[in-house]
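The values are calculated or read from the model by the stated rules, or taken from the named source; none is laboratory data. A quick note: this is a predicted structure, and the numbers were derived from the prediction, not measured. Here the Cβ positions follow ideal geometry from the backbone for every residue, glycine too, while neighbour counts run over all protein chains shown. For accessibility, only protein heavy atoms count, side chains too; no ligands or nucleic acids. Shrake-Rupley method; radii C 1.70, N 1.55, O 1.52, S 1.80 Å.
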Amino acid sequence: MDNRELIEERNRLLRESARQISRTKVAKRAAEIDRANAFPSDMRELFFQQGYFSLLFPEEYGGFDGSISALCIVAEEIAYSCASSALMLVAHWVALMPLMIAGAQEQKDYFYSRVSRDGALGAFCLTEPEAGSDASALKTTAVRKGDYYVVNGRKTFVTNGGPADIYTVFVTTDPSLGKKGISVIMIEKGTKGMYIGKPEEKLGMRGSDTTDLILEDAIVPAENLIGGEGKGWEIAMMTLNLSRPSVGALALGIAQGALDYALEYSTQRVQFGQKLADFQGVQF
Ligand SMILES: Cc1cc2nc3c(=O)[nH]c(=O)nc-3n(C[C@H](O)[C@H](O)[C@H](O)COP(=O)(O)OP(=O)(O)OC[C@H]3O[C@@H](n4cnc5c(N)ncnc54)[C@H](O)[C@@H]3O)c2cc1C
């Protein structure tokens, strides 16, 4: 078996196992997760136990050494049964990508083990109330004071906002430089001066926890800055490029799940004396 065949075989087995978990354990909980409008802690524990939290880490960090394809496979299979649960996982990986792209060895050692050993969950914090599509207009500041930064600002629409342990936060370390002044820093839950806003009341993805992150003179160790000052925008763009396929895979999983559900219904429901699936218009 050459390397490519080996990867394909590993991914085939990964899909088989993710499908099994999704269609047995996740599917059973999906409707209740949506109804309850609450983050599914049991799904979090399940994904951690399955190794999905460290899927892309090298094996020496307890990972699966997976590629973006591996993440897409798991996102698609989980989303087939529950989109909110799949989004928890995708957002976790979006939060870890800056570290994977530009993290120093000591930063990887520390944060990877927080994830693979402790089950720490990630949240990606780029958007602000006045900086959505125009993300580089962000205003959250980080001012260096010796061996720490003082961070002030407000992030919004943070997926995993409440339950996360590690927040990947985009800040400006020099507002006069525009995009070139943007940096990215890891902030851990419990940091003095960080507060979580109330969960958004959403129409869909109701089991996904979406909140604001408020930073008021938050004291963050300088060693948590990823890739050096001014590298944040480049890292953000690389992260979004890397993570887009998994967002697409999540949407594909939702669509496949909906199609299969509708197909099954159409073979059971009878109207005008025949199954819906037997009407020509339904077969198009
Ligand atoms: C459920 C949910 C989860 C999210 N999770 C996260 C997260 O984990 N982390 C994070 O950082 N962010 C997150 N976001 C934020 C998301 O990335 C932003 O919503 C997105 O960037 C768009 O910003 P906005 O909502 O402010 O819309 P706006 O930027 O205000 O855009 C409004 C509309 O105008 C259109 N528009 C804007 N600019 C242009 C243009 N130049 N040309 C044409 N049309 C334009 C947009 O397409 C959109 O239709 C989340 C959002 C949601 C809804």
Count of the stretch 154-171 residues which are aromatic (Phe, Trp, Tyr) and surrounded by fewer than 24 Cβ atoms within 10 Å (Cβ to Cβ): 1
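In the stretch 204-224, what residues are within 15 Å of the ligand (Cβ to nearest atom) and more than 19 Å from the chain's Cα centre (by Cα)?
Scanning the stretch 204-224 gives Ile214, Leu215.
Can you confirm whether Ile78 is crowded, with 22+ Cβ neighbours inside 10 Å and not hydroxyl-bearing (Ser, Thr, Tyr)? Spell out the reasoning first.
Working: crowded, with 22+ Cβ neighbours inside 10 Å: yes; not hydroxyl-bearing (Ser, Thr, Tyr): yes.
When the stated conditions are applied, Ile78 passes them.
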Hits in the stretch 161-204 - residues which are hydrophobic (A, V, I, L, M, F, W, C) and over 14 Å from Gly232 (Cα atoms): Ala164, Ile166, Ile187, Met194, Ile196, Leu203
Any hit, the stretch 187-199, residues being touching a Leu at 6+ places or on another chain (Cβ under 6 Å), within 15 Å of Ala142 (Cβ to Cβ) and in contact (Cβ under 8 Å) with a residue 60 or more places away in the chain: no
Residue count for the stretch 46-77, restricted to those that are assigned to a helix (DSSP H, G or I) and without any contact (Cβ under 8 Å) to a residue 24 or more places away in the chain: 3
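Taking strands (runs of 3 or more DSSP E) that do not extend beyond the stretch 94-196, which have at least 3 residues that are within 16 Å of the ligand (Cβ to nearest atom)?
Of the strands (runs of 3 or more DSSP E) lying wholly inside the stretch 94-196, those with at least 3 residues that are within 16 Å of the ligand (Cβ to nearest atom) span 122-125, 148-159, 166-172, 182-188.
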Residues being closer than 19 Å to Gly161 by Cα, in a helix (DSSP H, G or I) and open to solvent by less than 50 Å² (accessible area, probe 1.4 Å) - total across the stretch 12-45: 3
